[in-house]
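Participant: The structure that follows is given in the form of structure tokens.
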Amino acid sequence: MGYLEIVLGIIGLGIGLCFGVCIGFYFFIYSDHKFEDFKDPVVRPISELEKASLHDLMPEIPLWLKNPDYDRVDWLNTFVSNMWPYLDKAICAAIRRTAEPMLADYIGLGHRPIEAITFETLNFGTLPPTFQGVKVYETNENELVMESPIKWAGNPNIVIAVKIWSLRIKIQLVDLQVFVVPRITLKPLVPAFPCFSNVIVSLMEKPYVDFGLKIQGGDVMSIPGLYHLVQDIIIKEVSKLYLWPQTLEIPILDSSLCVVKKPVGVLHVKVVQATKLMKMDLLGLSDPYVKLKLSGEMLPSKKTTIKKKTLNPVWNETFKLVVKDPQVQTLQVNVYDWDKVGSHDRLGMQMVPLKVLRPNETMALTLDLLKNTNIADPHKKRQRGQIMLEMTYAPFKENNDVLSGPLSPVVNGEHDVGFGGGTPSGSGVLLVTVQGAEDVEGDHHNNPYAMVIKRTRDPKWNEEFQFMLEEPPIQDKIHIQIMSRRMHMSFFSKESLGHVDINLGDVVHNGRINNKFHLIDSRK
């Protein structure tokens, strides 16, 4: 009997203990906090708080108050707060469009028991995230870099319904709290709205994430040990994907509109002659000259010399033009009649697509001059003469990356210089982009130019210059001088504001340099 009593006692103790734990856990999970008594919070000025209380508040103080490098963004928080009801709907709609096809991949494949996964409810609540400040970094690249710590203690209502073996299970995410420090890079900057083509995001610190998770109404995060396990997994996985130097790239504009293309070759154009041009002068003659330009280029056109009083001019002049996309670009040929007074009259034009040329092969062309490219123009059939050209497209070497770097322009750098590769003969293109100058001042006037910019000490040009080179300029230097031109009556028509000499050997060896240079002989 004694042995049987001991066994029954142990069994009873085990059953009672298990039953008691289950009952206690049930009431713990499903207890309703609405019926608990809450005391009103005590509100006191910061000056009246004790040292320990102030220490507890330190993590909640915004960064703009603790760090002078961060600027206040109250206006942004107000904007987000007013826009939040609409942002909430837009963001949730985007999440549905993105997530639902991904969730569909887990339904009914193979022996998976999942029959359906749907968003029963999806909204981020009424509390928007707050920006703790913003810090903008200055770089020498064509980009805008900023950091803005974000805190969000939200009240979202996200319910996902999962159907497994005809059993419908509801999973609810509640009480979400997030703190992240993202670095946001807008690059490259382009002259098309919204003026940047990509948004690149990376986290500068490990994120803090806290939330509640309910399954069938029960808070599973209350299970001892599960909360810390889930939180560690989330932080680890998010950090693995997006913690700097890892990035998330979000395209905004079509890449074809934003790519800054580098030179891939040189087009050699020989303007041989023209015949039977139109008569524009009273004596039945013309003073023709030719302008050449590649489509998509902002550089000035190449010009031949002017041949006086002739309808059959002979030039035999050769020009070199930098090619960036031979499959798309066309050579625009315009023949003009020079006039001493007034605008020059166009005698005719023609266009030659570069894709008809074979690399390193000279093609002789005899082109009929047209009034314009409008097919329906009734005056287009009028004979305007012909022009003879010889064209050769010389692509750069396949390994030109050894000499050339990325040719994207810079924002804050004063000069950007790159050597655009070499042909089999060793020739190439030197690209010089003069972005601007800072604190330039003259003795008599301040109108600095590459292009004339009136009355400023911080001119911005963003102007590119191209130089055709026969050999890599290892021993050469480029001289850049900032001049000021008078804009009113003065005895000093021009004035030097300073200059700089750049060693092109550094450009050849590095492919590209992107620096600010201190002006020599400047007043500053």
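The values are calculated or read from the model by the stated rules, or taken from the named source; none is laboratory data. These numbers were taken from a predicted model, which means no experiment stands behind them. As a convention, Cβ positions derive from the backbone with ideal geometry for all residues, glycine included, and neighbour counts pool all protein chains shown. Side chains included, ligands, DNA and RNA excluded: accessible areas come from the protein's heavy atoms. Shrake-Rupley method; radii C 1.70, N 1.55, O 1.52, S 1.80 Å.
Participant: Could you give the length gained by full extension between Lys279 and Ile233, i.e. 0.36 nm per residue of separation minus their alpha carbon distance, to one decimal place? If you can, show how the numbers build up before the last one.
Facilitator: Values: separation 46, 0.36 × 46 = 16.56 nm, distance 8.25 nm.
Net length gain for the segment: 8.3 nm.
Participant: Now a separate question. Filter the trypsin sites (Lys or Arg not before Pro) in segment 292-381 down to the DSSP loop ones having no more than 13 other Cβ atoms within 10 Å, then list what survives. Mind dumping the intermediate values first?
Facilitator: Details: sites: Lys293, Lys302, Lys303, Lys307, Lys308, Lys309, Lys320, Lys324, Lys340, Arg346, Lys355, Lys371, Lys380, Lys381; in loops: Lys307, Lys308, Lys309, Lys324, Lys340, Lys371.
Answer by residue number: Lys308, Lys309, Lys340.
Participant: How long is the gain from His499 to Asn67 if the chain were fully straight, where each residue apart is worth 0.36 nm and the alpha carbon distance is subtracted? Working shown, then result.
Facilitator: Working: separation 432, 0.36 × 432 = 155.52 nm, distance 3.85 nm.
That works out to 151.7 nm of additional length.
Participant: While we're looking at this one, here's another question. May I ask you to give the percent of accessible area on segment 115-230 that is carbon plus sulfur, with a probe radius of 1.4 Å? Numbers along the way, then the final one.
Facilitator: Working: 3780 of 5860 Å².
Here carbon and sulfur together make up 64 percent of the probe-accessible area.
Participant: Nearest 0.05, what FRET efficiency do Phe193 and Val136 give at R0 = 25 Å with Cβ-Cβ as r? If you can, show how the numbers build up before the last one.
Facilitator: On the way: r = 21 Å, r/R0 = 0.83.
It comes out at approximately 0.75.
Participant: Right, another one. A 18 angstrom limit on the alpha carbon distance is what I want to check against. Which of Lys293/Lys324; Lys308/Lys371; Lys270/Lys303; Lys262/Lys291 exceed it?
Facilitator: Lys308/Lys371; Lys262/Lys291
Participant: Between Gln481 and His268, what is the label-point separation in nm under the 7 Å Cα-to-beta-carbon projection?
Facilitator: In this crude spin-label approximation the distance works out to 3.3 nm.
Participant: Follow-up question, since we're still on this one. Over segment 149-237, give the accessible area per residue in Å² for a 1.4 Å probe, as an integer.
Facilitator: Numbers: 4800 Å² over 89 residues.
Using a 1.4 Å probe on heavy atoms only, each residue of segment 149-237 averages 54 Å².
Participant: So, R0 is 51 Å and r is the distance between the beta-carbons of Asn515 and Ala364; what FRET efficiency does that work out to, to 0.05?
Facilitator: On the way: r = 45 Å, r/R0 = 0.88.
After rounding, the FRET efficiency stands at 0.70.
Participant: For segment 273-318, what does the accessible surface come to per residue with a 1.4 Å probe? Please give it in Å².
Facilitator: Numbers: 2710 Å² over 46 residues.
Solvent-accessible surface per residue comes out at 59 Å².
Participant: Let me ask something else. Using r as the Cβ-Cβ distance of Asn316 and Ile474, and R0 as 45 Å, what FRET efficiency do you calculate, to the nearest 0.05?
Facilitator: Numbers: r = 33 Å, r/R0 = 0.73.
In this case the efficiency is close to 0.85.
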